[in-house]
Amino acid sequence: MLARRLRPAAGRWASQWSSAHRYYSSQPSSSGTPDIDVSKLTVETTSAPKPLLDAKDLIFGRNFTDHMLSVEWTAKDGWLAPRITPYQNLALDPATCVLHYAFTCFEGMKAYKDANDRIRLFRPDRNMRRLNRSAARIALPTFSTDALTSLMSKFVELERRFIPSQKGYSLYLRPTLIGTQKTLGVGPPGSALLYVIASPVGPYYPTGFKAVTLEATEHAVRAWPGGVGDRKLGANYAPCIVPQIDAMRRGFQQNLWLFGEEGYVTEVGTMNMFVAWVNEDGVKELITAPLDGTILEGVTRESVLELARERLSKDGWAVSERKFTIGEVKKAADEGRLLEAFGAGTAAVVSPVKGITWRGHDIKIPLLPGKETGPLAQKFWDWMCAIQYGDEEHEWRYFKPRDILVAPRYSRTC
Ligand SMILES: *Cc1c(COP(=O)(O)O)cnc(C)c1O
C-alpha cells in the first residue's frame with residue numbers, strides 16, 4: 001500500500017531517488033494502513049482567542065496562532081482522524097523515542113495574503129514532498145501530500161486573522177513529524193505525530209537589505225556524502241549552532257559551510273548559496289552547488305534556478321548547478337570577475353553577501369552603489385515576492401476558496 005502510494009512521486013524525481021531511499025521508504029511498518037483522510041477532520045476552536053501583536057513586535061518563530069493541526073499515526077491503524085485544536089502543549093512520556101534518538105523532521109513554508117485577501121501558499125507540493133523524503137529517511141511514516149496540503153489550507157483559513165496584510169508579512173508554517181513511541185529500544189517508531197503550528201512573521205529586512213559577512217568554516221562539516229544533510233531532520237541543526245556562534249563571536253553574521261580538502265562551497269547557515277561571476281571562459285554565470293546528497297534541496301533554490309533559466313538566459317547568463325570551490329571564488333575576486341553572492345531560503349528569500357573571510361583572506365563581494373544588495377539578489381527578491389504575494393499570477397501559487405471552512409469571526413482588534 002505504501003509502495004503504491006509512493007510510486008507517482010518516485011516517477012517525478014526518479015533521478016534523485018537512490019536505492020537507499022527506496023529501501024527507507026518501503027518500511028513495512030506503515031504498509032497496508034490508511035492514509036490521511038481529510039474528510040475525517042474535526043475542528044475544536046479556542047474559547048480564548050489570543051490578542052494580535054503589533055506588526056512591529058513580531059519576532060520570528062516566537063508567537064503562535066490560536067490553533068494547531070495534528071494527525072496521529074500508529075503502525076497498526078495508520079493515519080488517524082486529523083484534528084484542529086487550540087494550540088497546546090504536547091504530553092510525552094520521558095522515554096518517547098524522539099527525545100532520545102531524534103526521530104524528528106520538519107518543514108518551513110509560508111502563507112501570504114494577496115491584494116484580494118486570499119491566502120496563498122507558495123509551492124506547498126515541494127515542502128510536502130520533501131517532508132515525506134525526510135520522514136522516510138528516519139523510519140517515520142509517509143503520507144499523501146495532497147491530503148496534508150488540503151488540511152493545511154483549512155488550517156491557515158482558520159488562522160487568517162493572524163496574517164498581516166502588509167507586504168513583507170506572512171504566516172510561517174512549521175509542519176513537524178516526530179516519533180512518539182515510548183521505548184529506549186533503538187528501532188523504527190511504532191507511533192508518530194504529525195503536527196503543524198503557525199507563527200506570524202514580519203519582513204526579514206524591515207528596513208531594506210542588509211548584506212552580511214561570512215566566515216568560511218573548515219573545522220566543522222555540516223553534511224557529507226552518504227549522510228543526511230539533504231533532509232530536513234532535526235538532528236542536522238543542533239550541531240551547526242556552535243560553529244555559527246564561533247563565526248558570530250569573530251564578527252561575522254553567518255558561517256559558510258565548505259566541504260572536503262578541495263573546499264567546495266556548499267551552504268550558508270541554513271540557506272542555499274549562490275555566486276555570480278564571470279567564469280574562466282568569460283561567461284556570466286550564476287552558480288550553486290548541485291544536489292549531490294550534501295545539499296538541502298531548497299524550494300527557494302529551485303525557484304531561483306527556474307526563474308534564472310527563464311528570465312536571465314536571454315541576457316547571456318549561464319545558470320549552473322555544479323561544484324565550485326572557495327579557492328575559485330577567491331581567484332574570481334582577485335581577477336575582478338566576482339559579481340555577486342547571496343543565500344536563498346524561505347525566511348529571507350534572498351540574503352545578499354558582501355564578504356567572505358577564508359584562511360585570513362578577505363574576499364570582497366561587490367554591491368550596487370549605495371545599496372546593501374547586488375542587482376541579481378534584488379531581481380530575485382522582486383520576482384519571488386511578486387509571485388508569493390500574488391502581484392504576478394503564477395502557477396507556483398496555491399489557494400483554496402475562502403469558504404472552505406466556516407471559521408468563527410474574530411474582531412481584528414481583539
Ligand atoms: C530549509 C533549508 C534551506 C532552504 O530551503 P527553502 O525550502 O528554500 O526554505 C537551505 N538549507 C538548509 C540547510 C535548510 O535547512
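The values are calculated or read from the model by the stated rules, or taken from the named source; none is laboratory data. Just so it is clear, the model here is predicted, and its values are computed rather than measured. Note: ideal-geometry Cβ built from the backbone for every residue, glycine included; neighbour counts use all protein chains shown.
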Answer from 65, 45 - the residue that is in a loop (DSSP other than H, G, I, E, B) and buried (at least 20 other Cβ atoms within 10 Å of the Cβ):
65
Condition (residue is over 16 Å from residue 79 (Cα atoms) and within 14 Å of the ligand (Cβ to nearest atom)) applied to segment 114-122: is it met by at least one residue?
yes
Sort through 298, 282 and tell me the only one that's assigned by TED's automatic domain parsing to the domain that holds residue 265 and within 16 Å of the ligand (Cβ to nearest atom).
298
Scan segment 312-366 residue by residue and report those that are hydroxyl-bearing (Ser, Thr, Tyr) and part of a helix (DSSP H, G or I).
313
Report yes if some residue within segment 116-124 is surrounded by fewer than 19 Cβ atoms within 10 Å (Cβ to Cβ), polar (S, T, N, Q) and under 18 Å from residue 399 (Cα atoms); otherwise report no.
yes
Of the criteria (1) more than 17 Å from the chain's Cα centre (by Cα); (2) among the polar types (S, T, N, Q); (3) assigned by TED's automatic domain parsing to the domain that holds residue 142, which one residue 199 fails
(1)
Checking the structure you have, find out if any residue of segment 182-191 is assigned to a strand (DSSP E or B), assigned by TED's automatic domain parsing to the domain that holds residue 33, more than 16 Å from the ligand (Cβ to nearest atom) and surrounded by fewer than 18 Cβ atoms within 10 Å (Cβ to Cβ).
yes
Suppose we keep only residues that are surrounded by 18 or more Cβ atoms within 10 Å (Cβ to Cβ) and of a type in the set (Asp, Glu) within segment 305-349. Which one would you say is nearest to the ligand (Cβ to nearest atom)?
340
Just need a number here: residues in segment 208-233 that are farther than 27 Å from residue 168 by Cα and either modelled with pLDDT of 95 or more or touching a Pro at 6+ places or on another chain (Cβ under 8 Å) (or both).
17
